[in-house]
Amino acid sequence: MTARGGGTRIPGWLYIPAAAGAALVLLPLAGLLSRVDWPALPALLTTEASLDALWLSVRTAALSTAICVVLGVPLAFVLARSAFRGLALVRAVVLLPLVLPPVVGGLALLYAFGRNGLLGEALELGGIRIGFTTTAVVLAQAFVSLPFLVLSLEGALRLEHRPYELVAATLGASPSVVLRRISLPLMLPALISGAVLAFARSLGEFGATLTFAGSYQGTTRTLPLEIYLQREVDPDVAVALSLLLVIVALVGVLLTASRQRGLRT
C-alpha cells in the first residue's frame, strides 16, 4: 500500500493500530457530541455565567496571545539563529510548560508573583497585586501558551527563508533591515498559525489559572473553570461550553495542519 503524497510503502497492518489510535481520540468527542442539547444550545451558551466566562476567556486569551507574540517572536529568533553556551538549556526551560502539569505552573507563578512571592512581595508594597486577579489569568495563560508559538516559529525559521536573508545581507542590508523587510513578512504564515494555537491553548487553560488566579465570576472564572463548576450543577451547560472550546481548538489545529501541508508541497 502506498502512502498518500509520496511513493513510500507502509505495511498494511499499521492501519489497524492507527485506526485504534484515531478511535481513542474520536470516541470521546463523539460521546460529547451525543450529549449536546442542540435545540437548547443557544440558550445554554447565553446564560449570565456563561457569557461572563466567555467574555473573560476571549479577552484574557487575546491579551495573553499578544504577550506571546511580543515575547515569542524575539525568543524564537534567538533560539533558531543563535549559538552560545547554554542554548540547549534555555530552549529546554522555554519549552518546559509543555510538559509541566498546569497546577505546577500555577504554583510557580504564585510563588513568583503572589503576595508573598519572589517579586510579588515587592509589587504588593508598590500597591500592585497580581495573584487572584484578571492579570493573573493573563499571565497563567501566557505561561502555558508561549512554547506553542515559539515552537511554531522556531521550526519555520530553521527551514525557511535563510537564502533570502543571506542575499539581503550580502547586498548590504543591516540585521534589523533584514528582520523587518525579509524575515518577518516571510514568517507571517507561521506566526499566524502559532498565534492561533496560543490563543486556543490560552482559551482552554485550567490548572495554572485555578491555582494562580482562583475562580471568581467576572474576574478570574474562565470558560474551563465555568465548565468544571457547571458539570455538577447543570451538565447541559458544561457540555455546551465544552463544545465551544472543542470548536475553537479544532480551528487552531486545522490552520496549523494546512500550513504544514503547504510547506510539504
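The values are calculated or read from the model by the stated rules, or taken from the named source; none is laboratory data. Quantities reported herein were computed from a predicted structural model and do not represent experimental measurements. Note that each Cβ is placed from the backbone with ideal geometry, even for glycine, and that neighbours are counted across all protein chains shown.
Please find, among Ser145, Ser176, the residue that is within 14 Å of Ser64 (Cβ to Cβ) and either within 24 Å of the chain's Cα centre (by Cα) or modelled with pLDDT under 95 (or both).
Criteria check complete, one pass: Ser145.
Given the structure, is Ala80 buried (at least 17 other Cβ atoms within 10 Å of the Cβ) and among the aliphatic types (A, V, I, L, M)?
Judged against the criteria, Ala80 is a match.
Is it fair to say Pro39 is out of contact with any strand residue (DSSP E or B) (no Cβ under 6 Å at 6 or more places or on another chain), loosely packed, with under 12 Cβ neighbours inside 10 Å and more than 29 Å from Ser193 (Cα to Cα)?
Yes; evaluated as a whole, the condition is true for this residue.
Condition (residue is within 21 Å of Arg180 (Cα to Cα), in contact with a helix residue (DSSP H, G or I) (Cβ under 7 Å, 6 or more places away or on another chain) and basic (Lys, Arg)) applied to region 84-93: is it met by at least one residue?
no
Pull out all pairs, ordered by first then second residue, where Cβ-Cβ is under 7 Å, the residues are six or more apart or on different chains, the first lies in region 33-53 and is farther than 12 Å from Glu226 by Cα and touching a residue at least 24 places away in the same chain (Cβ under 8 Å), and the second is surrounded by 12 or more Cβ atoms within 10 Å (Cβ to Cβ) and of a type in the set (A, V, I, L, M, F, W, C).
Arg35/Val239; Val36/Val239; Val36/Ala240; Val36/Leu243; Asp37/Leu44; Leu41/Ala240; Leu44/Val237; Leu44/Ala240
From the set of residues in region 25-78 that are in a helix (DSSP H, G or I) and of a type in the set (Asp, Glu), which is modelled with the lowest pLDDT? Spell out the reasoning first.
We begin by selecting, within region 25-78, every residue in a helix (DSSP H, G or I); these are 25-34, 41-45, 48-78.
Among the residues that remain, those that are also of a type in the set (Asp, Glu) are: 48, 52.
Values: Glu48: 90, Asp52: 93.
Applying the filter and picking the extreme gives Glu48.
How many of the residues in region 111-136 are without any contact (Cβ under 8 Å) to a residue 12 or more places away in the chain and over 14 Å from Thr220 (Cα atoms)?
Here the count works out to 14.
Take region 178-221 and flag every residue that is of a type in the set (D, E, K, R) and either within 22 Å of Val253 (Cα to Cα) or assigned to a helix (DSSP H, G or I) (or both).
Arg180, Arg181, Arg201, Glu205, listed by residue number.
Sort out which residues of region 92-110 are closer than 17 Å to Cys68 by Cβ and either outside any helix (DSSP H, G or I) or in contact (Cβ under 8 Å) with a residue 60 or more places away in the chain (or both), and write them in order of number.
Leu100, Pro102, Gly105, Leu109, listed by residue number.
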